[in-house]
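Notes for the one structure printed next.
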Ligand SMILES: Nc1ncnc2c1ncn2[C@@H]1O[C@H](COP(=O)(O)OP(=O)(O)O)[C@@H](O)[C@H]1O
Ligand SMILES: [Mg+2]
């Protein structure tokens, strides 16, 4: 069965990216991964962590799981201790300290490291607590005399917790000598403002990787191998999914688990299962006038300048396209040629409005 979830053996290629990022992480270079949702940022981070496990322990924090500054700090502390096999450190420390210490002895962790976490938990002020938590991977790595890989997933979400959090992160981690970082984010504009713009607080801190769809050649081999599909079917799957990792995996999964389903039937099921998600994307687009209209036109590969001639001015279309690109809804493939970043949304809209 094909797994739709964190990849292990089912990971498709990304070899070039993996090798480049891996060797530079080992050399101490931090990275930022930027791509729309479901392009495989998290999968790539987890794959890197797996492939680097003999070189450096890794700590993974998903900012999406944090609802406030304190919970972000707690996630970081838990992630540091789970690296040593001690899970749910914060909750266990809050509940029963003595049991925690017993399990720590079993794990043969030095008392020092535990003290660091417990000390941090005593901090009442949330901002200072987070400051201590951000320092914890570095302090622990120093005590272990190892380099740690620290991964912050969906980092653009931190500004929702507090606008100054990026600044706090940068002011602390710029002095970290034992940690190397990967930040990932789906909010392309926000990530660029933080990491790429010369005014961004992380300017020049990390090298950037913009993830695109998977390589067509690798996808075709994968489809052939998994599905025992003929050439025509392989081409059709590539045409539908554009080698978008999530949709490719999901379509194959549907096809494999429903043996009798034709490819078109599997596509219908995929569209049905994703309908709610796709409608939600469209719902956000409808907040501003003509935006949804431009997206619908692009989804069928048509030209908005031609179809909206006489309806709105060229400058307005330019602005809408710039906004959509800024928000990560469309990508410019060539001069004046835009395409939706979500290929299933394109297919869904095109079928809905041009049946
Ligand atoms: N390189 C890959 N090989 C195979 N499947 C992948 C790959 N990258 C992503 N996927 C699939 O796509 C899904 C979405 O990827 P994910 O890493 O969660 O994207 P993101 O973090 O960018 O939102 C994963 O659950 C996995 O099934
Ligand atoms: Mg992710």
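Throughout, read-outs are computed from the coordinates displayed, never taken from laboratory work. These numbers come from a predicted model, not from an experiment. Ideal geometry is used to build each Cβ from the backbone, glycine not excepted, and the neighbour counts take in all protein chains shown.
Observations on the model:
- Contact order for region 111-193, expressed relative to its length and based on alpha carbon pairs under 8 Å spaced 6+ residues apart, stands at 33 percent.
- Counting Cα-Cα pairs of region 236-355 in 10 Å increments starting at 0 gives whole-percent bin shares of 12, 43, 29, 13, 3, 0.
- In this simple spin-label model, placing a label point 7 Å from the Cα along the Cα-to-Cβ direction at both residue 288 and residue 306 gives a separation of 2.6 nm.
- Where labels lie 7 Å past Cα in the beta-carbon direction, separation of residue 15 and residue 95 in nm: 4.6 nm
- Maximal additional length on extending the residue 37-residue 203 stretch stands at 57.5 nm, based on 0.36 nm per residue less the C-alpha distance.
- Ellipticity at 222 nm from helices only: DSSP H runs of n ≥ 4 in the chain, each -39500 (n - 2.57), divided by the residue count, give -17500 deg cm²/dmol.
- Principal-axis tilt of helix 97-107 within the chain, Cα atoms, nearest 10 degrees: 80 degrees
- For region 214-285, the square roots of the Cα gyration tensor eigenvalues, ordered a ≥ b ≥ c, give a/c of at least 1.5 with a/b no greater than b/c, which places it in the oblate category.
- Once the Cα-Cα distance is subtracted from the 0.36 nm per residue extended length, the residue 224 to residue 326 segment shows a gain of 33.1 nm.
- The average projected area of the chain, computed from the convex hull of its Cα atoms over all directions, is 20.8 nm².
- Distance histogram for region 304-355 (every C-alpha pair counted, 10 angstrom bins, percent rounded to whole numbers): 23, 48, 29, 0
- Under Stokes-Einstein, with the Kirkwood radius over Cα pairs as Rh, the value for region 162-229 at 20 °C and 1.002 mPa s is 145 µm²/s.
- Highest GNM mean-square fluctuation among 272, 287, 215, for the chain modelled with Cα contacts below 10 Å: 287.
- Once the Cα atoms are used to define both axes, helix 216-227 deviates from the longest principal axis of the chain by about 90 degrees.
- Tail weight of P(r) past 22 Å, computed on alpha-carbon pairs of region 15-210, percent: 46 percent
- Among 196, 80, 234: highest mean-square fluctuation, GNM of the chain, C-alpha pairs under 10 Å: 234
- Using C-alpha pairs under 8 Å with a sequence gap of at least 6, the mean separation divided by the residue count of the chain gives a relative contact order of 20 percent.
- Here's the picture: a label point sits 7 Å out from the Cα of residue 53 along the beta-carbon direction, and within region 133-152 the residues with their amide nitrogen under 16 Å of it are 149.
- With both labels modelled 7 Å from their Cα along Cα-to-Cβ, the residue 87 to residue 115 distance reads 2.9 nm.
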